[in-house]
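The values are calculated or read from the model by the stated rules, or taken from the named source; none is laboratory data. Bear in mind the structure is a predicted one, so any value in this text is a computation, not a measurement. Cβ coordinates were reconstructed from backbone atoms using ideal geometry, including for glycine residues, and neighbour counts include every protein chain displayed. Protein only, heavy atoms only, side chains kept; ligands, DNA and RNA dropped before computing areas. Shrake-Rupley method; radii C 1.70, N 1.55, O 1.52, S 1.80 Å.
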Amino acid sequence: MTAVAPVSDQFGRGDAAARRHGRTLDIWSDRAFRALALGAGLSVLAILALIAIVTTKQSWPVFRQEGFGFITSSKWDPAHDKFGALAFIYGTVIASLIGIVLAVPMSLGIALFTTELAPRRWRKPVVYVVDLLAAIPSVVYGLWALAVFKTPAQHAYQHVADTIGKVPGIGRLFGGQASGASFFTAGIVLAVMITPIVTAISREVLATVAQDDKNAALAMGATRWEMLRVAVFPRARSGLVGAVMLGLGRALGETIAVALVIGSSHQITSHLFKPGDTMAAVIAHEWGEGQAIRSISRR
């Protein structure tokens, strides 16, 4: 007679086969996920490479004609094929730095308030208001600054220029005749626009710090500021830097809002209350349809 394996042995072999099949599926699924994640990461590099190739190809004629004079010369005269972008590069950097200097402290303050200090019933309303600012189109900020903020800002700038603008050294930044359409106005508009972005990301980064680490610092006798300095900021530093970089990227690329309030003047000056221009704004101004923007911003 043929020996029949016990029922327990049959079930044991079946369970082992099922486990081997499950492990095989886990291995293949893990490899598939790894390949998918690798492809996603490489796609970002590929997109950046394509952007660099296309922009270099499209901009190569001006570098072939102007050479490094394109970024070292401030003479801009398209009618005579003179393209010096230094004034626009300067204006872009100055307006963006003003926006960052004004927005980052405010954004970090709001983020710390909503995560560490605000009562629970206040947190959601404050977060909703800040997030609502991010949903407003940039052209609305520009039109608001042009129609409402520009004239009062000019009076305030002139008052500053007539007081501290006469102090040696400071006068190079704030002295002279002030204009409502200026680097500083553009910087203020940029600060208002990037504050919601920096605040939202900073708030999420600060919220990832473990509450146990905060409680441990407080239990050791640290004040609230010392707790933030020792337990929160070191763990959130990279995320906060990323938030600032995203805000800076938004400021560098903003077009219409800046084009409406910066004054459209091709000049390099240390006076922050003088008109200027940025790379993105001059692109909008030089279009045929952009002449309307130029005329509106100069009113």
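What number, rounded to the nearest 500 deg cm²/dmol, is the helix-based mean residue ellipticity at 222 nm of the chain, given -39500 (n - 2.57) per DSSP H run of at least four residues and division by all its residues?
Computed mean residue ellipticity for the chain: -23000 deg cm²/dmol.
Please tell me the relative contact order of region 176-248 in percent, rounded to the nearest whole number, where contacts are Cα pairs under 8 Å and at least six residues apart. Rounded, it is 44 percent for region 176-248.
Short to long, the 10 Å bins of the Cα pair-distance histogram for the chain hold 6, 18, 22, 21, 15, 8, 4, 3, 2, 1, 0, 0 percent of all pairs. Taking amide hydrogens as placed 1.01 Å from N in the peptide plane, the amide H of G84 sits under 5 Å from those of K75, W76, D77, each at least 5 positions away in sequence or on another chain.
If you take the Cα atoms of region 180-280, find Rg, then find the Kirkwood Rh from the mean of 1/r over all pairs, what is Rg/Rh?
On the way: Rg = 19.0 Å, Rh = 15.8 Å.
In region 180-280, Rg relative to Rh is 1.20.
Of the peptides 198-205, 170-177, 267-274, 113-120, the ranking by mean beta-carbon count within 10 Å, highest at the top, reads 198-205, 267-274, 170-177, 113-120. Averaged per residue, the chain has 60 square angstrom of accessible surface, using a 1.4 angstrom probe with ligands and nucleic acids left out.
Of the residues A153, A284, A49, which exhibits the maximal mean-square fluctuation in a Gaussian network model of the chain defined by a 10 Å Cα contact cut-off? Highest fluctuation among the options: A49. Converting phi to 3J(HN,Hα) with the Karplus coefficients 6.51, -1.76 and 1.60 and the offset θ = phi - 60°, region 31-44 yields 5, 5, 5, 4, 5, 5, 5, 5, x, 5, x, 5, 5, 4 Hz in sequence order, with x at every glycine or proline.
Cβ neighbours within 10 Å, averaged per peptide: list 135-143, 228-236 in order, most packed at the top.
Values: 135-143: 15.1, 228-236: 16.9.
The packing order, highest mean first, is 228-236, 135-143.
Residue-wise HN-Hα couplings along region 202-219, as the Karplus relation 6.51 cos²θ - 1.76 cosθ + 1.60 with θ = phi - 60° gives them from phi, are 5, 4, 5, 5, 5, 6, 7, 5, 5, 5, 4, 5, 5, 5, 5, 5, 5, 5 Hz; Gly and Pro carry x.
Each residue of region 86-97 is assigned a 3J(HN,Hα), and the resulting list reads 4, 4, 6, 5, 4, x, 4, 5, 5, 4, 5, 5 Hz, derived from the Karplus form 6.51 cos²θ - 1.76 cosθ + 1.60 (θ = phi - 60°), x at Gly and Pro.
Just by accessible area at a 1.4 angstrom probe, what is the order of D162, D212, D277, D77 from largest to smallest? List each step's numbers first, then the result.
On the way: D162 80, D212 115, D277 0, D77 40 Å².
Correct descending sequence by accessible area is D212, D162, D77, D277.
S238 exposes around 100 Å² of accessible area when a 1.4 Å probe is run over every protein chain in place. Express in whole angstrom the spacing between the alpha-carbon centres of region 38-65 and region 189-205. Rounded to whole Å, the Cα centres lie 28 Å apart.
Checking the Cα-Cα distances for K124/K214; K82/K166; K166/K274; K124/K150 against a 27 Å cut-off, the pairs over it are K82/K166; K124/K150.
Taking 8 Å as the Cα distance limit and 6 or more residues as the minimum spacing, I'd like the relative contact order of the chain as a percentage. Could you put the intermediate results ahead of the total?
On the way: 360 pairs, mean separation 66.0, N = 299.
Computed value for the chain: 22 percent relative contact order.
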